[in-house]
Amino acid sequence: MTIRCTVESAFFIAWSCLEQSGELGPPDESANVILDAIEAQLRTGERRQLMLANRAIDAYRAHAALHRSSWDRAARFG
């Protein structure tokens, strides 16, 4: 499996999980956080798509915990 396919699969797994759980924030920011987490792992040599996805989910949840209040304000005030 190519790196591109691995990244796409890991991203899809992470995105789907977070979407189904209702945890996704703004789409652009969410995608960037997930992809940044996957990219960081690739630099360390990780290639297992489930590991990439699970760690990206963890990274997203940590990021969301820090930014949730600002997302809520933006949603309320447009």
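The values are calculated or read from the model by the stated rules, or taken from the named source; none is laboratory data. All figures in this text were calculated on a predicted structure; none of them were measured in a lab. Please note: Cβ atoms are built from the backbone with ideal geometry, for glycine as well, and neighbour counts cover all protein chains shown.
I'd like the full set of residues that are among the charged types (D, E, K, R) and in contact (Cβ under 8 Å) with a residue 12 or more places away in the chain, limited to region 1-28. Result: GLU23, single match. In this structure, ARG47 does not satisfy being in a helix (DSSP H, G or I) and of a type in the set (Lys, Arg).
Can you tell me which residue is nearest to LEU24 (Cα to Cα) among those in region 35-78 that are at pLDDT 90 or above and polar (S, T, N, Q)? Across region 35-78, the extreme among qualifying residues is ASN54. The C-beta contact set for region 51-64 (first residue in a helix (DSSP H, G or I), second residue among the polar types (S, T, N, Q), distance under 6 angstrom, 6+ apart or interchain) comprises LEU52/GLN41; ARG55/GLN41.
Scanning region 16-26 turns up one or more residues that are touching a helix residue (DSSP H, G or I) at 6+ places or on another chain (Cβ under 8 Å), surrounded by fewer than 18 Cβ atoms within 10 Å (Cβ to Cβ) and in a helix (DSSP H, G or I).
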